[in-house]
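A quick write-up on the structure given underneath.
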Amino acid sequence: MKWFVRLFSRRRLYTDLSEEIQEHLEEKIEELVASGMSRKEAASMARREFGNVTLVEEESRDAWRWPSFENVFMDVRYGVRMLRKSPGFTAVATLTLALGIGANAAIFGLMDSALLRGLPFREPERLVHIWTIEADHDWHTPTPAQYLTVRKESESFEQIASAGWADYFYDGDDSVSQNLPGFLVTANWLLTLGVRPLLGRNFRDDEQIAGQDAVAILSYDCWRTRFHADPQIAGKQIVLNRRPVTVIGVLPQSLGPYYQDEIFAPLVLDSYASQGNVRAGKMRVQIIARLKPGVTLGQARSEAEVIAGQFKNPGAPADQADRFVVEDFAETLRHLGPTMQNARSRLWMTAVAARVVLLIACANVASLLLARGVKRHREVAVRAALGCSRGRMIRQLLTESTLLFLCGGGVAVIVTRWSEEIVTKVASGMVPGAYLHVDTRVFMVSLGVALLSALVFGMIPALQATRVNPNESLKDAAPNAAGGAHPRRMREVLIGAQVALGMVLLVGFGLLLRSFMYVESSPIGYDPRNVLTATIRLPATRYTAPSDRARLMREAVERVRLIPGVVSEGLTDSLPMDGADSTRLSIRTPSSKPAAANEKIYFVSVSPEYFSTLKIPMLSGRAFRETDSREAGPVAIVNQTFAKQYFPGMSPIGSHIAFADSPATWKAIVGIVSDFRQRNPEEDLRPMVYLPVAQTLPGRWSIAIRVRAASDIGNVAAAFSKQLRPVDLQLYWEMGSMQRQIHDSESLTLRRPIIALLASFGGLAMVLVVVGVFGVTSYSVAERTREIGIRVALGAARQEIAGLVFCESLRIAFVGLAVGTFCAFVPQTTV
C-alpha cells in the first residue's frame, strides 16, 4: 500500500525532500564557516561539493515515481487544459463524434438483440422442438393427442411443454378494440425454456383447468406500448374476449425476437378446440422439450421414432403421423422465410451505413485536428528545440485526441440511452422483436470504437503536427512554416473522402427509395381503390355445422348489399397481402395419368363475386357460380402462372387436381384467372388455386366490398360496421380497406424503417460534411492570413480572394462527388 499512499501524498513528500536537502546544505555551510571561510565562500563550496540541487531533487523523486503512469497522467491534465482553451473546437468535435459513435452504438444494440446475442434460455443446447411428418411429407406441429403421448411415453426429456395459438379480442377502453395474437402455453413452458418473468410470476398447474384459466402474462412490447410499462401491472385485470382476465406477469424483452405474440395464457387442452386456431386443417400445438443431462439428440430421436409408431395406423385419422422429428431448438430458429432474411440483410445494410457515418465523423475531426495543428506548430517547435523527442510529442497529441474521442463516445452512449424507445419502435418494424438496450456490451463496443478511432484518426494529425524544423519554425519570417503544401493536401484528401462517403450514402438511400416507390406502385393485378374490407375469425366451437356457417356467411353478405353505395361484394378466407395456405397436389389431365406436383401450391377460397369486386379479369373458362355449393361437384380456378407451369402449350380447363390431404377428391378446373399478388407487392408470381368458399366454408373469412365512388367511402365505412355487428354480437369484425392492406403489407412495412434510417444517416452525413468543409476552410483561411494580406497589398480585390477560397473548396467537393458517385454505382454494374 506504500505506493498508493505515495501517489496521493506526493506534494508533501517533495516538500519534505527539499527541506531535507536545504538542511544538509546549511549544515555543510555552517561547518565551512566554522573552519574560517566567509559565508559566501562557504555557500559556494558547499554547493560545489553537494552538486546540482535541482538534479538531486529530480533523481530522488524518481525513486518514488511511477514514470509511465505519471507521464500519462500529466499528458491527460495537459490535454484537458488544451481542450478547455478551445471550447468551440471541443464542442464541435465532440458533437460530431457523438453522432458517428452514437449511430454505431444504436445499430450494434439492434444487431446484438436480433442477430448476435445467444439464445436467452438456460442451457439452450439441451432444448429441442418436436415435429411430425404426415402424409403430405411436410413438417407440421403435432396434435394435442400426440403431445400427451410423447409426454407420457418419453424418458429422454427432463421437461416437455406445449403451446398453441389463439387470437384475443382486446377491449382496451371505449375507443380501442382489436385482435391481439396470443400464445397458449402449459404451466411448465417458461420452466422448460429456463426463463423467468420480468415482473410477476409464472403460471401454476391449477390454472390449466377450465374455469381457473382467467390469467395472462404480457409480452414486453405489449406491456410497454399498451400499458405504458406500468410497474404495478401484475394483479390488475384486463378484458380479453369479453372476459375479465388477471395479468400475473410480464415476459423479459429478450424473448421478443423469438415470440412476437402479445398475450400468453394457460393452455387448457380440454377446451383448446374452442380457443385455438386451426393450422394445416387441424388443431395443433408446438412441443418444446429439454433433454435430460447426458441424453444425446440421437437417443431422443430414436425414442421419438418408436413413439411415432403408435400414430401410423390410429383409430382417429386426424392424429396420423408417419414419424416424429426431434430438432435442435437453435436449428429451428435458423429456418427463416425470405421476408425475414431480407429484413436481416437490410439491418446489415443499415450497419454499413452507420460505419460510413462514423468514418465521415472521424475524417471530419481528423481534418479539424490537422488544421488546428498548423496553429500549434510554433509550440511544437519550441518543445522540439528544448529536447522533447518526437515520440513524446506524438504521445501527447494522441492523448488529446483520445480525450476528444472518449468525450464523443460518452455523449453518444448517453444520447443512445435516452433514445432507446424511439430506436426500438423504428427497428421493430424492420426486424420483428429487435430492440435497443444500452448495456455493458453496447458500452464496451462504444468504448472500443472510440479508442480505435482515436488511434487511427488521431495518429494522422499527430504525425503531421510533429513534422517540424525548429530552426525554420522559430524564425519570425516564417510564422506559418508548418502550413505547407503537404498538410494542406492531407486535409483536402480527408475532406474529399467525407464528400465521397456522403455521396455513397445518399445514392444508396436514393436507390432504396426508388426501389420502395417501384414496389409500392408496381402492378398488383387488381384494383384496390374504393374497396373496404371486414375480417372475422369464427370460434372453433361455434358454427361447426356447414349449414350454420353457410347461413352466417349468407346473412352477412345480404346485410352488406343493403348499404347504399355498395357496387359489389366478395368473400374470401384470405385477402390479398394476407398470404395463403399451401399444400401439395396431384394433377390429372384427360389424356394422362395423375402426376404429383413436387412444389407447394397455394390456395384461397373465394365467392363467385370476388374476382369482379377486385376487378380481376377472367382469362378463360368461367367464374364460380352460386350453384357451386357443397352439394355440387368440386371445382377450382387456377391462375395464369399455374396454367403456364403445369399445362405448357395447352389449356388446363377440363383437367382435375387433388390435394395431398384429400387425394380422393378431384376438383375440376373450370377457369383461368389473371395473376395478382397474394402475399406482398414484390413477391414472384406463384401458381395459385382458387376454390369456391361455399365448398370449403373456412373458419376465417373476409368481406371485400367495392364502393361506388371515393366520396361515398366514409358513409359506407360507417354503415359497414353497423350492418355486420347484428349478425352475431359476440363476433368481432376487423375493418379496413384494400389500400390499407397494401400499405401494411409485409414487404412495405419492413422497407419503411430502413428507408427512414438511411435517410437519417444520409442527412446526418451531409451535415457532418458541411460542418467539416466549413471548419477546415475557416482554419485554412486563418492559416493563410499572411498570404491573403500580401495579395490584398498587391491589389487583389475582396471578391477575388473570396473566389479563390471558394474555388478551392468547390474543387475538393467536385472530386469527392465524382469518386463517391463512381463507388456507389460500380457495384451495380458488376452485379
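Brief remarks on what is shown
- The set of residues in region 431-453 that are in a loop (DSSP other than H, G, I, E, B) and surrounded by 15 or more Cβ atoms within 10 Å (Cβ to Cβ) comprises Val431, Pro432, Gly433, Ala434, Tyr435, Leu436, His437, Val438.
- Contact map, region 179-205: residues that are under 22 Å from Asp230 (Cβ atoms) paired with residues that are assigned to a helix (DSSP H, G or I) and at pLDDT 90 or above, Cβ distance under 6 Å, separation 6+ or inter-chain. Pairs shown: Asn202/Leu190.
- Taken over region 124-135, residues that are part of a loop (DSSP other than H, G, I, E, B) and either surrounded by 18 or more Cβ atoms within 10 Å (Cβ to Cβ) or modelled with pLDDT of 85 or more (or both) amount to 1.
- Ile107 fulfils the conditions (1) within 24 Å of Leu501 (Cβ to Cβ); (2) open to solvent by 10 Å² or more (accessible area, probe 1.4 Å); (3) not basic (Lys, Arg) except for a single criterion, (2).
- Boolean, Arg488 is over 26 Å from Ser674 (Cα atoms) and modelled with pLDDT under 80: yes
- Taking the criterion of being assigned to a loop (DSSP other than H, G, I, E, B) and closer than 19 Å to Arg700 by Cα, the residues of region 551-584 that qualify are Asp573, Ser574, Leu575, Pro576, Met577, Asp578, Gly579, Ala580.
Every residue, every condition in (1) modelled with pLDDT under 85; (2) at positive phi; (3) open to solvent by 10 Å² or more (accessible area, probe 1.4 Å), yes or no:
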residue	(1), (2), (3)
Asp675	no, no, yes
Pro687	no, no, yes
Leu691	no, no, no
Gly699	yes, no, yes
Ala709	yes, no, yes
Ala717	yes, no, yes
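- Pair list, Cβ under 8 Å, 6 or more apart: region 516-530 residue closer than 22 Å to Asn639 by Cβ, other residue outside any helix (DSSP H, G or I) and among the small types (Gly, Ala, Ser): Gly525/Ser674; Pro528/Ser737
- When Glu58 is tested against the conditions (1) farther than 23 Å from Arg392 by Cβ; (2) open to solvent by 40 Å² or more (accessible area, probe 1.4 Å); (3) at pLDDT below 80, the lone failure is (1).
- Number of the exception - Arg740 against (1) open to solvent by less than 60 Å² (accessible area, probe 1.4 Å); (2) closer than 25 Å to Arg346 by Cα: (1)
- Test result for Ile801, open to solvent by less than 50 Å² (accessible area, probe 1.4 Å), over 16 Å from Gly373 (Cβ atoms) and either among the aliphatic types (A, V, I, L, M) or assigned to a helix (DSSP H, G or I) (or both): yes
- Val771 being out of contact with any His (no Cβ under 6 Å at 6 or more places or on another chain), modelled with pLDDT under 80 and not aromatic (Phe, Trp, Tyr): yes
Rundown of residues vs (1) in contact with a Gly (Cβ under 7 Å, 6 or more places away or on another chain); (2) in a helix (DSSP H, G or I); (3) among the basic types (Lys, Arg); (4) buried (at least 20 other Cβ atoms within 10 Å of the Cβ), yes/no style:
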{"residue": "Ile495", "(1), (2), (3), (4)": "yes, yes, no, yes"}
{"residue": "Met503", "(1), (2), (3), (4)": "yes, yes, no, yes"}
{"residue": "Leu511", "(1), (2), (3), (4)": "no, yes, no, no"}
{"residue": "Arg514", "(1), (2), (3), (4)": "no, yes, yes, no"}
{"residue": "Met517", "(1), (2), (3), (4)": "no, yes, no, no"}
{"residue": "Glu520", "(1), (2), (3), (4)": "no, yes, no, no"}
{"residue": "Arg542", "(1), (2), (3), (4)": "no, no, yes, no"}
{"residue": "Ser547", "(1), (2), (3), (4)": "no, yes, no, no"}
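- Of note, Ser274 does not satisfy the criterion of being at pLDDT 75 or above and outside any loop (DSSP other than H, G, I, E, B).
- Test: Val185 is at pLDDT 90 or above, of a type outside the set (D, E, K, R) and in contact with a Ser or Thr (Cβ under 9 Å, 6 or more places away or on another chain): yes
- Matching option when the condition is touching a residue at least 60 places away in the same chain (Cβ under 8 Å) and over 24 Å from Ala623 (Cα atoms), among Arg537, Arg549, Arg559: Arg537
- Some residue of region 302-309 being crowded, with 19+ Cβ neighbours inside 10 Å and modelled with pLDDT under 80: yes
- Strands (runs of 3 or more DSSP E) fully within region 662-743 that include at least 2 residues being among the β-branched types (Val, Ile, Thr) and over 25 Å from Glu631 (Cα atoms): 700-707.
- Meets criteria (charged (D, E, K, R), assigned to a helix (DSSP H, G or I) and either modelled with pLDDT of 85 or more or touching a strand residue (DSSP E or B) at 6+ places or on another chain (Cβ under 7 Å) (or both)) for Glu70: no
- Residue among Val557, Val531, Val567 that is under 17 Å from Met735 (Cβ atoms), of a type in the set (A, V, I, L, M) and more than 37 Å from the chain's Cα centre (by Cα): Val557
- Residues that are open to solvent by less than 10 Å² (accessible area, probe 1.4 Å), at pLDDT 85 or above and either under 30 Å from Ser515 (Cα atoms) or of a type in the set (Val, Ile, Thr) (or both) are absent from region 391-403.
- Cβ-Cβ contacts under 8 Å between residues 6 or more apart (or on different chains), taken from a first residue in region 683-704 that is more than 15 Å from Arg551 (Cα to Cα) to a second residue that is assigned to a strand (DSSP E or B) and among the aromatic types (Phe, Trp, Tyr), are listed as Arg686/Tyr602; Pro687/Tyr602; Met688/Tyr602; Met688/Phe603; Val689/Tyr602; Val689/Phe603; Tyr690/Phe603; Leu691/Phe603.
- Test: Thr440 is among the hydroxyl-bearing types (Ser, Thr, Tyr), without any contact (Cβ under 8 Å) to a residue 24 or more places away in the chain and either out of contact with any strand residue (DSSP E or B) (no Cβ under 9 Å at 6 or more places or on another chain) or more than 22 Å from Ile754 (Cα to Cα) (or both): yes
The values are calculated or read from the model by the stated rules, or taken from the named source; none is laboratory data. Values in this document were obtained by computation on a predicted structure and should not be read as measured data. Cβ sites come from the backbone with ideal geometry, for glycine too, and all protein chains shown count toward neighbours. Areas reflect the complete protein model, heavy atoms only, side chains present, ligands, DNA and RNA absent. Shrake-Rupley method; radii C 1.70, N 1.55, O 1.52, S 1.80 Å.
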